[in-house]
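Structure first, commentary second.
Please treat every number below as a calculation from the coordinates, not as lab data. These numbers were taken from a predicted model, which means no experiment stands behind them. As a convention, Cβ positions derive from the backbone with ideal geometry for all residues, glycine included, and neighbour counts pool all protein chains shown.
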Amino acid sequence: MNVKWLLSVGEPRPRYVLLVAIGVVLMMSLTYPIWYPGGRGMAAFAAVIAVVLSHLSAKFVMRR
């Protein structure tokens, strides 16, 4: 697996930006019952994880 490709900055394509935005909104809304009671720290952690996961999934979708 090419780790450099996974960690590189995302392509400046509208499709990539749309995939990342949809992924973050979807993951934050699905995990709302988990991070809301945890406060700001848990919300920030969930947001960082959501951005990372949506970046990776968008990269895999754009690879096809």
**Report entry** Inter-site label distance for Ala21 and Ile49 at 7 Å from Cα along Cβ, in nm
**Finding:** 2.5
Query raised in the report: Can you give the calculated 222 nm mean residue ellipticity of the chain, where each DSSP H run of n ≥ 4 adds -39,500 (n - 2.57) and the sum is split over every residue, rounded to the nearest 500 deg cm²/dmol?
Result: -24500 deg cm²/dmol
**Report entry** Most positive-pole-ward Cα, Val24, Phe45, Ala58, against dipole of the chain from beta carbon charges
**Finding:** Ala58
